[in-house]
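First the structure, in the form of structure tokens, and then the observations on it.
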Amino acid sequence: MSVIETGGALKGIKVLDFTIAVAGAFAAWQFADLGADVWKVEKYDYGDQARTWGPFINDLSTLYVSYNKNKQSIEMDLSKPEGKAIIYEMAKHTDVVLENFKSGSIDRLGLGYEKLREINPRIVFVSLSGFGGSGPLMKYPCYDAIAAARSGFAASSGEPDGAPMKVGNSICDTLSGLYAFNAALMALVEARRTGTGCRIDIAMTDVAMRACEETMMDYSKYGSTQARFGNHDRLIAPYGVFEARDGFAVIIADNEERWQKLCTALDSTHLKDDPRFSDNERRVQNRDALAAELEAVTRGLFRSQIEERLLKAGVPASGVLTFIEAYTSNHANTIGLTQVVHQDKIGSTRFYRNPLRFNNEPCDIRHGTPLLGQDTESIMKEIGYTEDEIRKLYEDKVIGSHLI
Amino acid sequence: MKPLIGLRVLDLTDGNPYIGSMFADYGAEVVKIEVPGSGDSIRRRGAKSEDQEGIYQAYYNRAKKSMTIDITTTQGQEIIRKLVPHFDMLVINVAEENMAPLGIDYETLRSYNRKLVYGVLTPFGEDGPWKDMPDYDLLVMARSGLLDKTGFPEKPTRIGFPLGYYYGSWHLTAGMLAAYLKAQETGEGQNVSTSSWQCVMSVDDTFAQCLAGMNELPKRIGNGFPTTNPTDTFRCKNGWFSLSIGSDQQWWAFSKAAGKTDWIENPKYSHDPVRSMENYFGDLDQQLRDYFSGITIEEADRVCKEAMVPGGPCNTVNELLNDEQVKVRQMILPVEDPKIGETLQIGKPAKFLRDDENDNDIASAPSLGQHTEPILRQLLKLSDVEMEALRKASVI
């Protein structure tokens with residue numbers, strides 16, 4: 001087996017992290033999980049705004065805690081020239097800068113790409129925002145729900161004449177954070193090859209637009225603009241969400257053989273002969289009636305019964321599990337979905353591990369989320385400041401360690 | 001700028017095009033290895049019959065190359081092994097143990113190319129009680145709890161596109177890029193693996209935290225959001241509009257622009273948490289519905305822009321085609337496909353500085369096996385006679 005230190009694929013990479021809230025923090029935490037040094041720059045005496053989002057345990061935001069493990073926190077006042085000077089020093093050691101300030105803000109602070117590339121031409125500078133750095137919407141605020149709305153993402157889910165439906169998590173935030181992570185790595189690949197970094201501009205709405213891929217093709221080839229199709233697939237039937245006695249189940253019969261097996265497994269062999277359902281095309285046309293027929297049976301069965309019977313018969317099916325069922329499942333525990341780690345101010349707490357494995361080893365969590373300014377001193381030393389210089393900067397309130 | 005120019009990927013996936021697309025969109029040479037005769041099952045998506053291709057493959061396979069090689073034959077497996085030294089990465093979307101009997105598992109291929117990055121995406125993982133569950137995005141979503149959390153209270157709403165596969169694929173591509181960077185430094189590749197299920201679980205940003213903090217779980221509430229209100233989607237005269245107020249200041253600005261002074265002055269509505277926790281789901285919700293149903297989405301948009309609060313229409317393809325922001329960002333691009341003609345496709349979200357005009361030129365999807373002979377000739381120096389023999393034996 002290889003001698004690479006496992007879980008440390010990005011060990012040695014240094015990230016200068018200005019991000020706040022979710023999307024940017026997500027990109028930064030991927031770097032941190034994979035072993036990079038993520039220097040999270042937080043506002044003096046305030047910190048990342050997500051620190052103020054409940055729920056709280058011992059005055060620490062549990063949301064904030066879950067987004068920022070494995071990072072290091074340096075607390076600074078970026079409005080002061082000495083603060084900017086520290087950033088310029090950090091830039092010499094930095095591979096990737098991540099920021100999600102309002103468009104243009106970081107440039108006005110004197111910390112933008114044009115300035116930092118003078119110091120370090122290999123720097124990769126990623127700007128993540130709601131609408132991107134161009135276009136008529138550029139200066140407007142954007143949250144996850146709005147990116148979902150404008151991008152066509154929300155319109156892709158829900159009943160045909162019903163409300164567009166956003167997903168139960170902040171999907172646009174995390175998908176764009178993940179996309180930004182990919183883009184930053186690509187730029188690092190290029191910087192290794194050419195010796196020069198670049199700036200990357202990523203809009204949450206643009207990433208979310210990927211959801212519209214098939215409906216865009218539908219329009220372009222068939223002139224169809226119908227965006228959402230309810231709980232059943234528009235091209236194959238039966239393929240969707242059905243009522244069960246204790247909730248819901250998903251059932252997929254995507255070829256004739258499976259359709260036959262499904263009918264038998266649900267004691268509904270009469271459906272095989274029903275002309276409305278004789279082939280996939282007819283089943284799609286009559287999918288509401290089909291769903292009604294199947295639900296007449298599934299409504300009387302528990303999710304686990306539907307799942308067992310159908311899987312045994314070779315028909316893909318699953319109960320719709322609640323979050324807690326998934327989170328505490330035998331499967332989650334066997335594969336090590338979460339890990340208990342010490343978190344300052346809270347104690348032992350459960351975090352999600354990074355889902356990537358390298359040579360089949362999971363990325364272990366090195367430490368929990370830092371308190372505000374917890375790593376200020378160690379980072380300052382690492383970039384070459386002396387003890388005296390550091391003390392003076394604390395006194396002058398350029399740097400801090402409020403540890404909230 | 002195409003940052004991945006020079007990167008070569010052998011793509012042995014079937015039915016999950018998102019991995020290869022992330023690499024191909026940004027300049028890598030992605031060579032699909034497909035079953036002779038029928039090819040990747042993604043070609044069948046939207047097809048009118050079993051023996052035809054659907055239109056979606058023109059999008060899913062864009063900018064990739066295609067070779068038809070039967071990897072169930074020993075000769076096919078030998079071709080893969082011989083190709084591996086010419087590639088930086090290889091990716092599969094089945095458990096690696098399936099590749100061992102074929103002699104194309106990671107350990108074997110590593111001996112042909114030490115720097116190889118070998119990517120593995122499975123729906124549920126390569127261990128654990130669910131590892132053999134069928135590979136469908138809908139099953140991944142059903143077992144993640146995320147399907148259950150999406151929709152109105154009466155029932156969950158199926159998400160209209162394969163979100164689980166996106167998370168799994170984009171996580172894997174990032175892991176593979178990280179391993180590639182490492183391999184360049186150390187000369188050693190790695191096996192990089194993940195499951196779509198674990199990726200979806202790990203982007204949970206509210207449930208585990210609410211459990212830890214409040215010992216409560218958020219409910220399925222449609223388009224609402226538990227702690228910042230109002231966040232919801234409203235029916236206007238001519239469409240749907242999303243509003244997402246994140247603070248009292250934004251609420252007051254919005255109320256002022258909407259001409260609703262009661263919303264600012266009335267202590268029931270003026271401040272959070274009272275507004276969100278006690279009154280939002282009561283009469284304030286109805287007042288907002290009444291307000292929006294009396295105006296157009298253009299008027300709603302004007303109000304939100306004036307107040308500088310997050311709000312926007314729920315665009316469908318119709319609106320996106322005429323949207324100025326989409327045009328400036330070049331997120332809808334024409335791609336000429338040799339088989340189906342002109343198509344409109346979604347553009348590339350990552351804008352790299354120094355992007356020039358032709359970075360948005362997207363190469364069309366390959367026909368099945370289009371590059372088999374050119375690549376075998378170029379990389380393995382096979383002669384026409386040799387290739388003819390392989391073809392006769394149905395290896396390629």
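No lab work stands behind these numbers, since they all come straight from the coordinates. Keep in mind it's a predicted model, so treat the numbers as computed, not measured. Glycine also receives a Cβ, built like all others from the backbone with ideal geometry; neighbour counts cover every protein chain displayed.
Observations on the model:
- Three-way shape label, chain B, alpha-carbon gyration tensor, a/c 1.5: prolate
- Residue-wise HN-Hα coupling along region A:171-187, computed from phi with Karplus coefficients 6.51, -1.76, 1.60 (Hz; x: Gly, Pro): 5, 5, 4, 6, 4, 6, x, 5, 5, 4, 4, 4, 5, 4, 5, 4, 5
- Between 0 and 90°, nearest 10: helix B:248-258 axis offset from chain B longest Cα axis: 70 degrees
- For the segment A:128-136, counting C-beta atoms of other chains within 10 Å of every residue's C-beta and taking the mean gives 4.
- Across the alpha-carbon set of region A:85-194, the Rg to Rh ratio works out to 1.08, Rh being the Kirkwood radius.
- Relative to the longest principal axis of the Cα atoms of chain A, the long axis of helix A:303-312 lies at roughly 70 degrees.
- As computed over region B:138-273, the Cα convex hull volume per residue (Å³): 196 Å³
- The simple spin-label model puts a point 7 Å past each Cα toward its Cβ; for residue B:249 and residue A:11 those points are separated by 4.4 nm.
- Taking a point 7 Å from the Cα of residue A:390 along the Cα-to-Cβ direction, the residues of region A:53-85 with backbone N closer than 15 Å to it are A:73-76.
- The spread of Cα positions in region A:67-135, taken along each principal axis and listed from longest to shortest, comes to 34, 31, 25 Å.
- The label-point distance for residue B:379 and residue A:282, in a model that sets each label 7 Å from Cα toward Cβ, rounds to 4.7 nm.
- When the alpha-carbon atoms of region B:78-120 are used, the pair Rg, Dmax equals 9.3, 24 angstrom.
- Within the protein assembly as shown, helix-based [θ] at 222 nm, where runs of 4 or more DSSP H residues each add -39,500 (n - 2.57), nearest 500: -10000 deg cm²/dmol
- All-pairs alpha carbon distance profile, region B:18-109, 10 Å steps from 0, percent: 15, 44, 34, 8, 0
- Placing unit charges on each Cβ (+1 for Lys and Arg, -1 for Asp and Glu) gives the protein assembly as shown a dipole about its Cα centre, and among B:67, A:363, A:208 the Cα reaching farthest toward its positive end belongs to B:67.
- When only alpha carbons are used to place a centre, region A:332-404 and region B:40-75 end up 46 Å from one another.
- Rg over Rh, two decimals, region B:231-318 (C-alpha only, Kirkwood Rh): 0.95
- Measuring between their Cα centroids, region B:165-186 and region A:8-72 lie 21 Å from each other.
- Taking amide H atoms as placed 1.01 Å from N in the peptide plane, the amide H of residue B:231 lies under 5 Å from those of B:225, B:245, each 5 or more residues away in sequence or on another chain.
- Binning the alpha carbon pair distances of the protein assembly as shown at 10 angstrom intervals from zero yields the distribution 3, 13, 23, 27, 21, 10, 3, 1, 0, expressed in whole percent.
- Scaled to the globular estimate 2.2 N^0.38 Å, the Cα spread of region A:252-397, given as radius of gyration, is 1.91.
- Shape category assigned to region B:48-193 from the gyration tensor of Cα positions, a/c cut at 1.5: prolate
- Pairwise Cα separations in region A:239-321 fall into 10 Å bins from 0 onward with the following percentages, short to long: 20, 59, 21, 0.
- Karplus-derived 3J(HN,Hα) values for region B:96-113, using 6.51 cos²θ - 1.76 cosθ + 1.60 with θ = phi - 60°, are 4, 4, 5, 8, 4, x, 8, x, 10, 7, 4, 4, 5, 5, 4, 6, 8, 7 Hz; glycine and proline are entered as x.
- The residue among A:217, B:100, A:184 whose Cα reaches farthest toward the positive pole of the charge dipole of the protein assembly as shown, with charges on the beta-carbon of Lys, Arg, Asp and Glu, is A:184.
- For region A:1-106, the square roots of the Cα gyration tensor eigenvalues, ordered a ≥ b ≥ c, give a/c of at least 1.5 with a/b no greater than b/c, which places it in the oblate category.
- Two-site FRET efficiency, residue A:268 against residue B:215, from Cβ-Cβ distance with R₀ of 51 Å, rounded to 0.05: 0.75
- Crossing angle, helix A:287-298 versus chain A [Cα axis fit, 0-90 degrees, rounded to tens]: 90 degrees
- If R0 is taken as 51 Å, the Cβ-Cβ distance between residue A:334 and residue A:115 corresponds to a FRET efficiency of 0.55.
- Counting only residues at least eight positions apart within a chain, or on another chain, the aspartates and glutamates with an alpha carbon under 13 Å from that of residue B:64 are B:11, B:25, B:29, B:34, B:40, B:337.
- Dipole magnitude for region B:231-318: about 200 debye, using +1 per Lys or Arg Cβ and -1 per Asp or Glu Cβ, origin at the Cα centre.
- Under a 5 Å amide H cut-off, with hydrogens placed 1.01 Å from N, residue A:198 pairs with A:124, A:125 among residues at least 5 apart or on other chains.
- Euclidean distance of C-alpha centroids, region A:287-301 and region B:98-135, integer Å: 38 Å
- Coupling constants for region B:384-396 follow from the phi torsions by the Karplus curve (6.51 cos²θ - 1.76 cosθ + 1.60, θ = phi - 60°), and in residue order they are 4, 5, 4, 5, 4, 5, 5, 5, 4, 7, 6, 6, 10 Hz; glycine and proline get x.
- Radius of gyration and maximum dimension Dmax of chain A, Cα, Å: 25.7, 87
- Distance between the 7 Å Cα→Cβ label points at residue A:255 and residue A:93: 5.8 nm.
- Once the C-beta distance of residue A:383 and residue B:186 is scaled by a Förster radius of 30 Å, the resulting FRET efficiency is 0.70 to the nearest 0.05.
- A cut-off of 5 Å between modelled amide H atoms, ignoring neighbours fewer than 5 places along the same chain, links residue A:20 with A:25, A:100.
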